[in-house]
Amino acid sequence: MKILVLNCGSSSLKYKLYDMEDESVLADGKIERIGHENAQITHQSLDHSQIDKTTPIFEHTVAVVECLNLLVDPEYGVISDLNEITGVGHRVLHGGEYFKKSVLVTDSDLAYMDNKLKELGPLHMPANIMGIKACQDIMPQTPQVAVFDTAFHSTMPKRAYLYAIPYVLYERHRVRKYGFHGTSHKYIAGRVADLIGEDVTKLKIISCHLGNGASLAAIEGGISVDTSMGFTPLEGLMMGTRSGDIDPAALYYIMKKENIPMANINTMLNKHSGLYGIAGVGDMRDVQKGVNEKKPMHTLAYEMYEYRIRKFIGSYIAAMNGVDAIAFTAGIGENTPRLREIICDNLSFFGISIDKQLNQQRKKEFEISAPDSRVKVYVISTDEEVIIARDTLQLVANVHSQSN
Ligand code: ADP
């Protein structure tokens with residue numbers, strides 16, 4: 001069976017077509033700068049035929065059409081008919097409290113996303129929904145599956161997900177911590193268990209997803225019990241351009257002092273803060289370059305970034321009363337040995353110790369803990385798409401078995 005995975009971001013579309021016999025990727029690609037004259041399409045197929053082109057694409061529906069056309073293209077495609085695709089899995093940012101697991105999308109699901117969830121993720125949800133609708137229009141017979149970034153964290157206990165504000169605000173508006181990157185954290189927990197050779201239900205794992213957005217998850221017995229992102233993906237760690245945790249009273253004070261409206265505060269926290277807010281650059285490669293050149297603000301940003309990750313790891317060890325394994329993933333987690341070393345060296349109290357040689361490796365997944373470390377430490381390249389493809393296959397297979 002062939003499963004297509006679509007990830008419609010605010011101005012991009014990434015896709016992968018899987019052959020689920022062996023989970024091999026038949027074709028993948030991305031369309032960036034959607035909404036511009038010069039949208040950039042990059043597509044490659046299993047036989048390594050590749051195309052890069054720039055073309056005007058003003059909305060996601062058109063991007064989906066471009067993607068599907070490339071999959072059936074005689075020169076660059078890998079299938080001859082869209083009917084060969086058994087199901088499409090869509091990455092969806094927010095499931096709220098309603099979607100606790102992946103679903104075969106019905107009209108009422110779509111209406112719920114549109115009416116209730118769009119406002120919880122105003123940057124991503126419109127694009128996510130548009131991607132689903134476009135596929136429904138073009139491939140009406142093909143099941144569409146929604147896989148939510150929040151779903152893995154739906155197992156958090158109330159004590160972890162509630163904010164200590166008037167309870168009525170939770171009851172009326174469902175204001176609470178939801179958490180994000182769930183698909184990545186789920187994948188990482190599964191891989192850690194496989195690498196240790198133990199059932200995931202017997203392990204306490206801290207998954208550190210450090211990309212442009214960054215979050216940690218405390219995973220006990222295979223389920224998420226706490227995570228650093230909250231009601232939105234702004235809470236928690238310091239990120240590329242996002243502030244992470246800040247005293248909300250400071251925002252009120254800034255609004256008054258600078259005479260700026262709430263909408264601008266939101267932009268400041270999401271786009272002008274984090275590494276960027278301190279060092280003036282939001283990309284970790286640029287921060288590291290500045291650290292090497294001994295630039296004080298780059299060094300300060302780097303220290304703040306590391307310190308907050310370390311504090312969260314410590315708090316999750318407390319939350320679970322122990323930890324068996326810590327795993328680093330995503331752009332920063334996978335590519336910054338020095339950051340990993342500083343974090344782990346500063347956690348030696350817990351018996352965490354890494355092998356500095358092993359830590360320098362660059363491959364898909366590897367262990368970096370020293371033989372005497374009480375806690376296993378791994379670097380694992382995340383794979384959210386394969387989890388989406390598996391969930392999609394499972395739901396689609398259920399439909400097939402029920403109809404037979
Ligand atoms: P996204 O959250 O957008 O999926 P990624 O997981 O691709 O992001 O991570 C992007 C981050 O990873 C950027 O801050 C980038 O600087 C960082 N990164 C990527 N490669 C390296 C590298 N070789 N060294 C340091 N940082 C890196």
Log entry, pairs with first residue in region 1-15 being over 12 Å from T61 (Cα atoms), second being of a type in the set (S, T, N, Q), beta carbons closer than 8 Å, six or more apart or on different chains, reads M1/T86; K2/T86; I3/T86; I3/T392; V5/T392; K14/N7; Y15/N7
For strands (runs of 3 or more DSSP E) lying entirely in region 203-293, having 2 or more residues that are within 16 Å of the ligand (Cβ to nearest atom) and at pLDDT 95 or above picks out 204-210, 214-220
* In this structure, is I332 within 13 Å of the ligand (Cβ to nearest atom) and in contact (Cβ under 8 Å) with a residue 40 or more places away in the chain? -> yes
For R374, the lone unmet condition from (1) open to solvent by 30 Å² or more (accessible area, probe 1.4 Å); (2) farther than 18 Å from V291 by Cβ; (3) touching a residue at least 60 places away in the same chain (Cβ under 8 Å) is (3)
Across region 64-97, the tally of residues that are assigned to a helix (DSSP H, G or I), more than 14 Å from R33 (Cα to Cα) and of a type outside the set (D, E, K, R) stands at 9
Taking first residues from region 117-137 that are in contact (Cβ under 8 Å) with a residue 40 or more places away in the chain and second residues anywhere that are assigned to a helix (DSSP H, G or I) and of a type in the set (S, T, N, Q), the pairs with Cβ under 7 Å that are 6 or more apart or on different chains are M130/T61; A134/T61
Filter region 5-37 for residues that are modelled with pLDDT of 95 or more and among the basic types (K, R); the one that is most open to solvent (accessible area, probe 1.4 Å) is K14
Checked region 137-187 for anything open to solvent by 20 Å² or more (accessible area, probe 1.4 Å), polar (S, T, N, Q) and in a loop (DSSP other than H, G, I, E, B); matches are Q141
Within region 38-63, residues being exposed (fewer than 12 other Cβ atoms within 10 Å of the Cβ) and outside any strand (DSSP E or B) number 2
Reported set for region 294-321 where residues are open to solvent by less than 20 Å² (accessible area, probe 1.4 Å), within 16 Å of the ligand (Cβ to nearest atom) and of a type in the set (V, I, T) is I309
- [ ] Determine whether region 294-302 contains at least one residue that is among the hydroxyl-bearing types (S, T, Y) and touching a strand residue (DSSP E or B) at 6+ places or on another chain (Cβ under 8 Å).
- [x] no
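The values are calculated or read from the model by the stated rules, or taken from the named source; none is laboratory data. Predicted model only: the values in this text are computed from it and were never measured. Cβ: placed from backbone, ideal geometry, glycine included. Neighbour counts: every protein chain shown. In case anyone asks, the SASA skips ligands and DNA or RNA and just uses the protein heavy atoms, side chains included. Shrake-Rupley method; radii C 1.70, N 1.55, O 1.52, S 1.80 Å.
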